[in-house]
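Student: The structure that follows is given in the form of structure tokens.
The values are calculated or read from the model by the stated rules, or taken from the named source; none is laboratory data. Everything numeric in this text was worked out from a predicted model, so none of it was measured. Note: ideal-geometry Cβ built from the backbone for every residue, glycine included; neighbour counts use all protein chains shown.
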Amino acid sequence: MAIFENLEYKRVRQINPEKLSPLAGVITKVSKINKNPNALKVRYFEKLLNFIRVLCLHIIDKNDFIETMKIKNLSKEKGSNNRIVESFVDLLFHFNILGSNNGEIAFNKKYVRIIKNENELIDKLFEQGTVDKNSKVNKLTKDYLFVIDLIRKYRDKDYKFQYIKRNKDTWNNMLKDGDLDYEVRLAETLHELSQLDIPNKIKSPFDEDYYTESGRNAFKNFTQFKFIDVFAETVQNQCNANVLDIGCGYGNYIDVLSNNYPMFQIDGIESQQNVFEETSRKFKQDGNVEIIYGDFFNFRFRKKYDVVLLNYVLFYFNAHEKSELISKVKEVLTENGSVIVCQYFSGIEDLKKELANKQKELSIFKEIEMYYSNKILYANALWNDTADTFSESVKWEEFLEVISKNNLKINRITNADKFYYSLFIELKVV
């Protein structure tokens, strides 16, 4: 099956998919017999990885990649289409569906067998969202159906689990309490990758509000706990400051800042009218907060800012637009001001481990958390490249090029959540 031997995407030959250490592997296996919520969350991530593998197998079958040279041919094309191919190949490698042996790239025979033997079953999964209960299914399919069950229950509290047999009450309570809120919404989003017809973009069924709501959930469950520490270190010893949040959404970050820094003037700019209106009402009584309706690129600011926030906005812009964005941010930044970026990147596993070690957080349990988040990031990156809501995923090397081009430097990096899924990056003018 070595159909990619001449693939003009040479760096995949150096890809070495991350693996759990033997001890971490043992701990994850032990967690499968534990019923506490933390152990169940590890099991959820295990199932989510298989959920993503089933999505990949469906895309491979739908696009006829096993029997044709389609990926190889598409890889030679230029422009954004090639980026989708690259992101998909990255995903396949890091989920061990593709492999490299002596310079030749080939499909893992295990997954080829599944596609060939169960292609009709897989098609039915995506056409009907279910399979006959008498059908003999492999573990991948069982895990896929498990996650689908959670998505349906998340959307309809009266839905009765069809495929989850054990610990139903615990899973249901985790959904009720919001312990799986972001994770299930992420699975719901990634499920739309099943529509992928490479190299074309997918028309996302979700509007901007959906992603803004996901951002609000992610902030509530993860990034808010780290953000205030990052901000405090950025503005230490300052008695007053002007802060601008670009693409402020529902004002998650502004809310925290307004409560902790009432002496600061905090502005947010938002281009979605309905979100702007809700956020404006939310901060109507806050004298130190102003919410602006408009496009950051075209808005004429009357002052400069000591801190500019860029939280999960970079994937809405292509490379040229990212550079323009950073350039304009510099224009509204005070001489010694800071830009705080919150963003996720795939393919920086080593950097994250170095960061965790430097922060004295690297442990066997942290390795497990980071392992799952790093894997899932490759699927999220593909979604950012393929969904028409976004422009393209944010790749680390490209990000470094953009900030270097605009004479900015990284002053500080820290994790934005306990999984090291996203990073907070403070930028300063060189």
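Student: Exactly one condition in (1) assigned to a helix (DSSP H, G or I); (2) over 28 Å from Lys303 (Cβ atoms); (3) among the β-branched types (Val, Ile, Thr) is not met by Ile413; state its number.
Tutor: Going through (1) assigned to a helix (DSSP H, G or I); (2) over 28 Å from Lys303 (Cβ atoms); (3) among the β-branched types (Val, Ile, Thr) one by one, Ile413 breaks only (1).
Student: Is one or more of the residues making up segment 183-191 of a type in the set (A, V, I, L, M) and more than 14 Å from the chain's Cα centre (by Cα)?
Tutor: no
Student: Of the numbered conditions (1) assigned to a loop (DSSP other than H, G, I, E, B); (2) buried (at least 19 other Cβ atoms within 10 Å of the Cβ); (3) out of contact with any Gly (no Cβ under 9 Å at 6 or more places or on another chain), Cys248 satisfies every one except a single condition; which is it?
Tutor: (3)
Student: Here's another thing I want to ask about it. Take the conditions buried (at least 22 other Cβ atoms within 10 Å of the Cβ) and in contact (Cβ under 8 Å) with a residue 60 or more places away in the chain and apply them to Tyr420. Does it pass?
Tutor: So Tyr420 passes the test.
Okay, residues lined up against (1) part of a loop (DSSP other than H, G, I, E, B); (2) over 24 Å from the mean Cα position of the chain (by Cα); (3) under 18 Å from Ile376 (Cβ atoms); (4) at pLDDT 85 or above:
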residue: Leu55; (1), (2), (3), (4): no, no, yes, yes
residue: Ile66; (1), (2), (3), (4): yes, yes, no, no
residue: Ser87; (1), (2), (3), (4): no, no, yes, yes
residue: Leu92; (1), (2), (3), (4): no, no, yes, yes
residue: Tyr111; (1), (2), (3), (4): no, yes, no, yes
residue: Ile114; (1), (2), (3), (4): no, yes, no, yes
residue: Asn119; (1), (2), (3), (4): no, yes, no, no
residue: Lys124; (1), (2), (3), (4): no, yes, no, no
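Student: Okay, moving on. Would you mind telling me which numbered condition in (1) part of a loop (DSSP other than H, G, I, E, B); (2) modelled with pLDDT under 85; (3) not acidic (Asp, Glu) Asn82 fails?
Tutor: (1)
Student: Identify, please: which residue in segment 210-245 is farther than 24 Å from Lys328 by Cα and among the aliphatic types (A, V, I, L, M) and is, among those, surrounded by the fewest Cβ atoms within 10 Å (Cβ to Cβ)?
Tutor: Only one residue tops the list, namely Ala232.
Student: Please go through segment 207-261 and give me each residue that is among the hydroxyl-bearing types (Ser, Thr, Tyr) and touching a Cys at 6+ places or on another chain (Cβ under 7 Å), ordered by number.
Tutor: Result: Thr223, single match.
Student: Residues Phe301, Phe264, Phe296: which one is among the aromatic types (Phe, Trp, Tyr), over 25 Å from Phe399 (Cβ atoms) and without any contact (Cβ under 8 Å) to a residue 60 or more places away in the chain?
Tutor: On inspection, the qualifying residue turns out to be Phe264.
The rows are residues; the columns are (1) surrounded by fewer than 16 Cβ atoms within 10 Å (Cβ to Cβ); (2) touching a Ser or Thr at 6+ places or on another chain (Cβ under 6 Å); (3) among the small types (Gly, Ala, Ser).
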position	(1), (2), (3)
His94	no, no, no
Gly99	no, no, yes
Leu121	no, no, no
Tyr144	no, no, no
Leu150	no, no, no
Lys153	no, no, no
Arg166	yes, no, no
Glu183	no, no, no
Leu190	no, no, no
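Student: When the residues of segment 400-410 are narrowed to those that are surrounded by fewer than 18 Cβ atoms within 10 Å (Cβ to Cβ) and not in a helix (DSSP H, G or I), which ends up nearest to the chain's Cα centre (by Cα)? Step through it out loud before you land on a result.
Tutor: As a first pass, look at segment 400-410 and keep what is surrounded by fewer than 18 Cβ atoms within 10 Å (Cβ to Cβ): 400-401, 404-405, 407, 409-410.
Still in the running and not in a helix (DSSP H, G or I): 407, 409-410.
Numbers: Asn407: 27, Lys409: 24, Ile410: 22 Å.
Per the stated criteria, the residue is Ile410.
Student: Okay, next question. Could you pull out every one of the helices (runs of 4 or more DSSP H) wholly within segment 139-237 that has 3 or more residues that are under 22 Å from Gln343 (Cβ atoms)?
Tutor: Qualifying helices (runs of 4 or more DSSP H): 181-190, 208-218, 224-234.
Student: Looking only at segment 342-361, which residues are buried (at least 17 other Cβ atoms within 10 Å of the Cβ) and without any contact (Cβ under 8 Å) to a residue 40 or more places away in the chain?
Tutor: Lys353
Student: Please specify each residue of segment 294-341 satisfying the condition of being surrounded by fewer than 21 Cβ atoms within 10 Å (Cβ to Cβ) and at positive phi.
Tutor: Passing the criteria: only Gly294.
Student: Right, here's the next one. Looking at this structure, is Phe231 modelled with pLDDT of 95 or more and outside the structural domain of Glu183 (by TED's automatic domain parsing)?
Tutor: It is true that Phe231 is modelled with pLDDT of 95 or more and outside the structural domain of Glu183 (by TED's automatic domain parsing).
Student: For segment 279-293: of the residues being surrounded by fewer than 17 Cβ atoms within 10 Å (Cβ to Cβ) and farther than 17 Å from Asn242 by Cα, which is farthest from the chain's Cα centre (by Cα)?
Tutor: Within segment 279-293, the match that is farthest from the chain's Cα centre (by Cα) is Gln285.
Student: Under 9 Å between Cβ atoms, at least 6 apart or on separate chains: pull out the pairs that start in segment 160-179 with a residue that is in the same structural domain as Tyr144 (by TED's automatic domain parsing) and end on any residue that is loosely packed, with under 14 Cβ neighbours inside 10 Å and among the small types (Gly, Ala, Ser).
Tutor: Matching pairs, first to second residue: none at all.
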